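Engineer: Just dropping this structure here.
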Amino acid sequence: MTAITIDRVARAFGTVRAIDEVSLEVRDGEFFTLLGPSGCGKTTLLRMVAGFCDLDRGRILFGGRRIDTLPPHRRNTGMVFQNYAVFPNLTVGGNVAYGLKARKVAAAEIERRVSRALKLVHLDGYGERWPHQLSGGQLQRVAIARSLVIEPEVLLLDEPLSNLDAKLRVEMRAEIRQLQQELRITAIYVTHDQEEALAISDRIAVMQGGRIEQMDAPETIYRTPATPFVAEFMGTTNLLTGAVAGIDRDLVRIRVGGQEFVARSAAGAPSGGLITFSLRPETLRLLAAGAAPPPGWASLTATVQRVEFLGVLTRFDLRLADGAVLRAASLDLLPDGLAAGRPVAAAYDPARVTVFRAP
Ligand SMILES: Nc1ncnc2c1ncn2[C@@H]1O[C@H](COP(=O)(O)OP(=O)(O)OP(=O)(O)O)[C@@H](O)[C@H]1O
Ligand SMILES: [Mg+2]
């Protein structure tokens, strides 16, 4: 097991600051995810750790040892690439053996380790097959076996599931997580899929424009996003800006158009001016118009504008008196007769509203 220190690392391509002074610590045995939109620098940062991309500034250490000055093959990392790049002209066994042959490992040892790696990814007996005879999920496992066979200290995975269909992605992400836990290997995982990141990570760094916006456990990132960008990127939210209308102990009243929202903000909000806040759709509970909200909750009156039944949940667009639209989502327990055009009350717990410092 190995902790990874990334210390004030930077890299520019021409005028693009692909990585702009990033510092982070990945703990021993941690499953750490870099999450962010296309072009935010995820692959660049991962390649810096692997040794395929030079640093302009900064240092990278594995367990206190500086490694950014070493060539890739001396860093002891296993990497699964964005488009898994299994060699089509080698058998499954040949693909997995590749890194060991390059390292001049003895033939008998290669055979033993390849067979163990294939077993780990549930491909025992597939050594003689050719890549074109495998499914997407199996190819993905070959790529993972190939990265694990060298017994790396650190496993680096760059969108390893992006070529798979949705159902297989969900299966494979659980397998990758389980394998990482079994091997107790430190892993950095790159994805732009927020659900995938939430599902498998110990911690997530949300990146934008070559910088880290927030670094926290999945629940914290989702429940208390640090910035409006993180709130919007992690799922769906209602991002609203309004004027502070008053503060009553830890409750802030915020006026948006004709409506007043209430947020609980222990950190204290500014006593005046504009603030931006996030209210997730699933925190709104829909009640019959006029019904009292649960104790301590706030409530809005709205008209249902649109209902979208998605099976596991139902989404709603709610129109407020001033025409603004709020998104709501519900698993079940909808009031009778709830349909487009009908009035409704939307209740929420002010503690579930996230207030941001500046608009
Ligand atoms: N070799 C390169 N030459 C020039 N620009 C590059 C190079 N590699 C990356 N970039 C630029 O650096 C930025 C970060 O790219 P990077 O590949 O790290 O993004 P990413 O977060 O992995 O995106 P994606 O989700 O699309 O894979 C982008 O603006 C990209 O165009
Ligand atoms: Mg990438």
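The values are calculated or read from the model by the stated rules, or taken from the named source; none is laboratory data. These numbers come from a predicted model, not from an experiment. Every residue, glycine among them, receives a Cβ derived from its backbone with ideal geometry; neighbour counts consider all protein chains shown.
Engineer: Only one residue in Leu157, Leu161, Leu148, Leu139 is surrounded by 18 or more Cβ atoms within 10 Å (Cβ to Cβ), in the same structural domain as Leu34 (by TED's automatic domain parsing), within 29 Å of Ala106 (Cβ to Cβ) and within 16 Å of ligand 1 (Cβ to nearest atom), so which one is that?
Structural biologist: Criteria check complete, one pass: Leu157.
Engineer: Inside the range 58-90, can you point out the residues that are away from ligand 2 (no atom under 16 Å from the Cβ), assigned to a loop (DSSP other than H, G, I, E, B) and either in contact with a His (Cβ under 8 Å, 6 or more places away or on another chain) or closer than 22 Å to Ala102 by Cα (or both)?
Structural biologist: Selection gives Ile67, Asp68, Thr69, Leu70, Pro71, Arg75, Asn76, Val86, Phe87, Pro88, Asn89, Leu90.
Engineer: To continue, here is another question. Do you know which residues across the range 203-241 are under 14 Å from the mean Cα position of the chain (by Cα) and hydroxyl-bearing (Ser, Thr, Tyr)?
Structural biologist: Thr220, Tyr222, Thr236
Engineer: Report whether or not Ile204 is of a type outside the set (Asp, Glu), within 16 Å of ligand 1 (Cβ to nearest atom) and assigned to a strand (DSSP E or B).
Structural biologist: It is true that Ile204 is of a type outside the set (Asp, Glu), within 16 Å of ligand 1 (Cβ to nearest atom) and assigned to a strand (DSSP E or B).
Engineer: Which of (1) among the small types (Gly, Ala, Ser); (2) surrounded by 12 or more Cβ atoms within 10 Å (Cβ to Cβ); (3) over 25 Å from Ala12 (Cα atoms) does Ala106 not meet, given it meets every other one?
Structural biologist: If we test Ala106 against (1) among the small types (Gly, Ala, Ser); (2) surrounded by 12 or more Cβ atoms within 10 Å (Cβ to Cβ); (3) over 25 Å from Ala12 (Cα atoms), just (2) comes out false.
Engineer: Quick check, is Ala288 over 24 Å from the mean Cα position of the chain (by Cα), surrounded by fewer than 17 Cβ atoms within 10 Å (Cβ to Cβ) and closer than 17 Å to Ile254 by Cα?
Structural biologist: No, not satisfied.
Engineer: Still on this structure, please answer the following. Taking the stated definitions as given, is Val262 at negative phi and in the same structural domain as Leu300 (by TED's automatic domain parsing)? Working first, answer last.
Structural biologist: Details: at negative phi: yes; in the same structural domain as Leu300 (by TED's automatic domain parsing): yes.
Spelling it out, Val262 is indeed at negative phi and in the same structural domain as Leu300 (by TED's automatic domain parsing).
Engineer: Moving on. May I ask you to say which residue of Phe81, Phe62, Phe52, Phe87 is surrounded by fewer than 17 Cβ atoms within 10 Å (Cβ to Cβ), touching a residue at least 12 places away in the same chain (Cβ under 8 Å), closer than 18 Å to Leu155 by Cβ and in the same structural domain as Ile19 (by TED's automatic domain parsing)?
Structural biologist: Exactly one residue qualifies, and that residue is Phe52.
Engineer: Just to check your reading of the model, which residue among Leu45, Leu100 is surrounded by 21 or more Cβ atoms within 10 Å (Cβ to Cβ), away from ligand 2 (no atom under 16 Å from the Cβ), touching a residue at least 12 places away in the same chain (Cβ under 8 Å) and assigned to a helix (DSSP H, G or I)?
Structural biologist: Leu100
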